[in-house]
Amino acid sequence: MAADRLCVSRGKKQILRDLRFEIPTGSVVGLLGPSGCGKTTLMRTIVGVQRIGSGDLTVLGDRPGSSALRSRIGYVTQAVSVYRDLTVRQNVAYFAALVGAHNGEEAITSVGLQPYADQRVDQLSGGQAGRASLACALVGNPELLVLDEPTVGLDPLTREDLWTYLRSLADRGVTLLISSHVMDEAARCDSVMLMREGRLLQHITPDELLKQTGQDSMDDAFLALIRQEEAA
Ligand SMILES: Nc1ncnc2c1ncn2[C@@H]1O[C@H](COP(=O)(O)OP(=O)(O)OP(=O)(O)O)[C@@H](O)[C@H]1O
Ligand SMILES: [Mg+2]
């Protein structure tokens, strides 16, 4: 995936400003930055539901939003996007039918929801409902998985399991773009994109970020980076 001078507006307001980045296939990229900086807007642009104002964006070698990309990308929105009055299995079957996929049961198993497969989503816990959304995004074995804050509200154990699973997907060649507020999660990514007010401050490996800022934690590193930017 590659962006060059990418600008995106929502309404009259310019949200994404002049983004340039490249994301290699099979890498896990963390998208970090304060609330309102444009993480969701960037994800929406990548999956093709947000119009590009100017600049270029190539996703899996194609134009975002092209019909050929539909079954190759999995997108989990920030809010739970599955049908609450359907069971996990019914939701997954529905999304599988949309993309002509047959791996629904595998998707349910891979997120650990087999024991709850026939439970309605509105009878699941928040974390379980989030995993139901993920299962729906996994049908069709997408090459690119875009996850908007998938670990919000998860307990440490479930979060750990989810990260282990996401890493196993990347090992199989899936590219992952994962947004988070939790800076420590950045340490699990191959690289992190740090955004602020619609701009990309840095696209860097976690180790490099710590080294460059001389900090021990990702939180402190991000704050140090912002101070550097403000001083410059
Ligand atoms: N539908 C919309 N119309 C106009 N502006 C919008 C719309 N949705 C979001 N915005 C604006 O776009 C900016 C970026 O929003 P976005 O949702 O991309 O941020 P974010 O980084 O995902 O934030 P959060 O971490 O809170 O999810 C914000 O300033 C927001 O006010
Ligand atoms: Mg968001």
Within-10-Å neighbourhood charge of GLN50 [Cβ basis; K, R +1; D, E -1]
+3
I'd like to compare 223-230, 98-105: which one has the highest average count of other Cβ atoms within 10 Å, and what's the full order after that?
98-105, 223-230
What list of ³J(HN,Hα) values in whole Hz, one per residue of the range 84-91 in order, does the Karplus curve 6.51 cos²θ - 1.76 cosθ + 1.60 (θ = phi - 60°) give from phi, with Gly and Pro shown as x?
6, 8, 10, 6, 4, 5, 5, 4
For the range 81-142, fraction of C-alpha pairs farther apart than 19 Å, in %
15 percent
Would you kindly calculate the mean projected area, averaged across all directions, of the convex hull enclosing the Cα atoms of the chain, in square nanometres?
12.6 nm²
Helical mean residue ellipticity (222 nm; -39500 (n - 2.57) per DSSP H run of 4+; nearest 500) of the chain
-10500 deg cm²/dmol
The convex hull of the Cα atoms of the range 109-181, divided by residue count, gives a volume in Å³ per residue of 90 Å³
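Where a number appears in this text, it was derived from the coordinates with a stated rule and is not lab data. Predicted, not measured: the structure shown is a model, and the values here were computed from it. So basically every Cβ, Gly included, is an ideal-geometry build from the backbone, and we count neighbours across all protein chains shown.
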